[in-house]
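Every read-out reported here was derived from the displayed coordinates using simple, explicitly stated rules and does not represent laboratory data. Values in this document were obtained by computation on a predicted structure and should not be read as measured data. Heads up, the Cβs are rebuilt from the backbone with ideal geometry, glycines too, and the neighbour counts pull from every protein chain shown.
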Amino acid sequence: MEIEIIENKDVESLGLKTVVVRYMHRWKLFVAAFLFSLIPATLYLVFYPQTFDFMARIQIQEDKDVSVSGLGLGEAAGLMRSFGIGGSSLGVNIEDEIAILSSNWLLSAMIVELGLNVEYTRPYSFYKMYREAPLKLSLDSVSMAGFDSEYRFAVSVSGGKVTVKAKSKPGSWKERFTFTSLPAQIKAEEVEFTLDFDNGASIDQDFKMNIKCIPVNWVAEKLSEDFLIEDLSKSSNIIELGCSDHVKARGKAMLNILVQKFNESAKSFKQSKDRPMRAFVNQRIDSVVSELNEVELALKAYKTQNEMTLLESDVLFYTEQMKELRVKIVEMETQSYLIRMMDDYVQDPANRYEVVPSLIAGNVESGEAGSNLGGAVTSYNQAIVERERLLQSSNENNPAFRSMNVQVDKLRNGVYLAIGNANKSCEMTLADLRTKEKMLFDKMKTVPALEYEYVGFKRRQEILQGVYLLLLQKREEIALSHGQDYEHVRIVDPAYVLKKPIGPRKLYAAIGVFLLTLILPVGYLFAVSICRSLKEEYLQTK
């Protein structure tokens, strides 16, 4: 067995040696292949446009609500602190921000801004011109959003005439146009383009160029693969953006405009989110003012009818004993009122897919009656916000969107149930407090009977005053928030070009030369050997 293995190894070594020696005898063929391979390598290094990498860094800012509880607003600030209400901040989810930055919609907005869906090239050139093309092809926003085919135009300006050969891909549309002046309209199926001179070019100049108009979402789909968007680290809010291009101005513009559109999108989303809150607060202020006026007029009539003066001095008799009890009753009444406000808002069909205002949810959650309600409202609000984000990047026929609607409806039912439970709990607590209050009044036989009714009026007045001040403070908070120059992102590093070009790469040219030098001779010799073998077999069979 060992002798057979040694013999096999000797045979393999002898066979390999024979092949190597045979190839070495044809060294001229390898030299010729090497010289030939220098041609495509040289063409690649000469004609391939120099390509650069671009980088930018941004920091996502936390969306902090403006808090005015410390601005010295007197009783309103104290009431806010007593309910545990203050400024709140929403955490940043870097993965969500990266998904938005790389979304087709945001990339499309950047592409439309820079006009990257229209490519201008000279005949037989790899170089895509940017801002220096002698012609400009444009179309309106409706046509840009509607067409789903690639249109190519071969333009020739010669002898005072403009000749355009246009065709669609995919598609069978093909047509030829001739113009004696520009601008001119080119009707291509359902899309209408406008062709005009740019950068000082005129019809007296002779030149040729190719123009390609691609659907915006196709370009965005390709860019989403070419763009590098990732977080700097898992513990930071900094995102790195990168891309490559052979035009420095275009590469930097793509990153800068993408960040600008991302910031504008965040501003628009924040304003749309605060708009129903602002309308709700204004509506409730008008309602509370009306109720407060009614209570104050009723209190005035009651005091006039019963000839009550300096009643506060009489109330001091039992104030110290009832102080703690009254504070609890006021707090529970306020929570009950806010729960009813929330119920009215949620039950309103117009607010079916609107976020429950944090003003109500935060106040109710701070009390013991709304401890479970706060969690239900938070989950519902998060689902509504996720639905709005999904709607921005898709349509209502999307299965994911319909599934999200089902989830939102289930969470809304949970909110209904939580509101009912919170309302019952609040009513039970209020009933218990009023029972204790009545017992205390029964002990105060020296207090006039009218005092009880007066306390009811006064309590109602205090509740409405507290709600009124709270709503005024929230409106001021929203006004201050919109008055600030809010920026969702802070630019850490504006777009810049890296020093070392990434193309054309000499290493790729060297690898190509090496592979062609080996493959061409070996392939030729192998083909010759096969042909000889086939020829010998053919001669033997004759």
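Given a Förster radius of 35 Å and the C-beta distance between N210 and F36 as r, what FRET efficiency does 1/(1 + (r/R0)^6) yield to the nearest 0.05?
Details: r = 30 Å, r/R0 = 0.86.
My answer for the efficiency is 0.70.
At 7 Å along the Cα-to-beta-carbon direction for both Q61 and R122, put a label point, then send me their distance in nm to one decimal.
Placing both labels 7 Å beyond Cα along the Cβ direction yields 4.6 nm.
What FRET efficiency comes out for Q461 versus E221 if R0 is 60 angstrom and r is the Cβ-Cβ distance? Round to the nearest 0.05.
Efficiency, rounded to the nearest 0.05: 0.45.
Over 22 Å between Cα atoms: which of K136/K174; K136/K212; K222/K261; K300/K474; K165/K208; K303/K474 fall into that group? Intermediate results must be reported in sequence, preceding the final value.
Numbers: K136/K174 20 Å; K136/K212 11 Å; K222/K261 19 Å; K300/K474 29 Å; K165/K208 12 Å; K303/K474 33 Å.
Violating the 22 Å Cα-Cα cut-off are K300/K474; K303/K474.
List the lysines whose Cα sits under 19 Å from the Cα of K328, skipping any in the same chain fewer than 8 residues away.
Output for K328: K424, K436, K438, K458.
Considering only DSSP states other than H, G, I, E and B, which GluC sites (Glu not before Pro) in the stretch 115-186 qualify as loop sites with at most 10 other Cβ atoms within 10 Å?
E132
Under 5 Å between amide H atoms, partner at least 5 residues away or on a different chain: which partners does A201 have, H built in plane at 1.01 Å?
none
May I ask you to list the GluC sites (Glu not before Pro) in the stretch 186-250 that are in a DSSP loop and have at most 14 other Cβ atoms within 10 Å of their Cβ?
Those that pass, being in a loop and sparsely packed, are E189, E190.
Using the Kirkwood radius built from alpha carbon pairs, what does the Stokes-Einstein equation give as D for the stretch 120-249 at 10 °C and 1.306 mPa s, in µm² per second?
In µm²/s, the coefficient is 94.
What's the ranking of 461-471, 522-532, 207-217 by average number of surrounding C-beta atoms within 10 Å, highest first?
Highest-to-lowest ranking by the protection proxy: 461-471, 207-217, 522-532.
Would you pull out the residues with amide H under 5 Å of T51's amide H, same chain only if 5 or more places away, H placed 1.01 Å from N?
Residues meeting the amide H criterion: I502, G503.
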